[in-house]
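Every number here is computed from the coordinates shown, using simple stated rules; none is lab data. Worth saying up front: this structure is predicted, and the values here are computed from it rather than measured. Counting neighbours? That spans all protein chains shown, and the Cβs are built from the backbone with ideal geometry, glycine included.
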């Protein structure tokens, strides 16, 4: 009887030892509650009592509305002291970014582990069950109205303009490049930044956008960039503005909604020039024709114009028109000396008409050098003389005057 008891005790102890020597699998989330766009790390650790003779094959997770990637140096060798013995293994990190609110359960998986037998007689192989814990994702209070919802530790917008958007001619072009940089989340949250809408007369051509996520191996922090470039070509006269770009986002560090933006761009394009669309030879022919035309004007036109002006001046002097104009100007400026000279010249040209000016000229002379009653004002005498001169206005002078339209037709 005692013999059976001893054998049973030995068997139980060996069973416990074998159970204690089985590989261990652990899974842990850095966060079990998150907001859309927040990065979560899932750590999966496998330990064996000896060492792994073949690499463990970890599963790939594919879940709707979850971005699951492997950061830099995602797999690391680990060791741990268990019951006074050193166990070794490997740890794998998955970087999970939820894209929408909800409760997510990563699918269970199996990992085949091959390791050295503690007895040193060969290899052992077993299958470990992986069942990650669930993740609860909710939209933070106060950020329900963000469309699209963007959560990050930082978000910046920059733009670069190549060309002169405010000094364009038809056929000229410039480009606008807008780059969004997001930290602590994935670039998949960044919406389209530029579209082809533009002021009339300006055509827009989009380049293929560039988007990429990058993980810092030292901090496991994800940084994403999205860059879009639009080229604008002036097809004719254009004036307007390319709108500003604004993004509202939720700051994971401060728990606040913030705004980042880039300024609007003013655009001005002039219409095509007179020689637009002509070849070099056509331009040279036009320039040559213009040069010949200007030479003809200088050689034949200007002498004819001068001759016409001289004849016109002689006719004006002979008819008394020039003298009348000088007399009228002197009267308006109240230049008494110039008035007397012009009146003398007019009297020589038109003696009969000049006689009507004598009373007014005598009254003005008495006002200038003689004694006149205090009741007679200088303004009244000048006005009387102006009326007398206007009554003698030649027909040619009347033709040169353009009558004003009535104030109240």
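Note on residue 70 and residue 86: their simple-model spin labels are 2.7 nm apart, each label 7 Å out from Cα toward Cβ.
Give me the Å³ per residue figure for the convex hull around the C-alpha atoms of segment 40-125. All intermediate terms of the calculation are to be shown ahead of the outcome.
Numbers: hull volume 9.2 nm³, N = 86.
Hull volume normalised by residue count: 106 Å³.
Mind giving me the FRET efficiency for residue 173 and residue 287? R0 is 22 Å, r the Cβ-Cβ distance, nearest 0.05 is fine. About 0.20, to the nearest 0.05. Between residue 302 and residue 125, the distance separating the two model label sites (each 7 Å from Cα on the Cα→Cβ line) works out to 10.7 nm. On the basis of the beta-carbon distance and an R0 of 41 Å, residue 334 and residue 294 show a calculated FRET efficiency of 0.35. Rounded to the nearest 10 degrees, the inclination of helix 378-391 to the longest alpha-carbon principal axis of the chain is 80 degrees.
Taking 1 over the mean of 1/r across every pair of different Cα atoms in the chain, what Kirkwood radius in Å do you get? Spell out each step's value before the answer.
Values: mean 1/r = 0.0306 Å⁻¹.
Final number for the Kirkwood radius of the chain is 32.7 Å.
Counting only DSSP beta bridges whose two residues both lie in the chain, roughly 95 percent are antiparallel.
Based on alpha carbons, the Rg and Dmax found for segment 151-270 are 16.7, 54 Å. Here the peptides 306-314, 356-364 are ranked by packing, the mean other Cβ count within 10 Å, and the order with the highest first is 356-364, 306-314.
This ranking places 233, 267, 97 by how few other beta-carbon atoms lie within 10 Å of each, fewest first, which gives 233, 267, 97.
Each of residue 218 and residue 164 was given a label point 7 Å from its Cα along the Cα-to-Cβ line. The distance between the two points is 4.5 nm.
The translational diffusion coefficient of segment 92-147, from Stokes-Einstein at 25 °C and 0.890 mPa s with a Kirkwood hydrodynamic radius over alpha carbon pairs, comes to 161 µm²/s. Pairing the Cα long axis of helix 302-319 with the longest principal axis of the chain, what angle in degrees results, from 0 to 90 and rounded to the nearest 10? Between helix and principal axis, roughly 40 degrees. Angle, helix 2-20 long axis vs. longest principal axis of the chain, Cα atoms, 0 to 90°, nearest 10? So the inclination is approximately 10 degrees. When the helices of the chain are scored as -39500 (n - 2.57) per DSSP H run of n ≥ 4 and the total is divided over every residue, the value at 222 nm lands at -9000 deg cm²/dmol.
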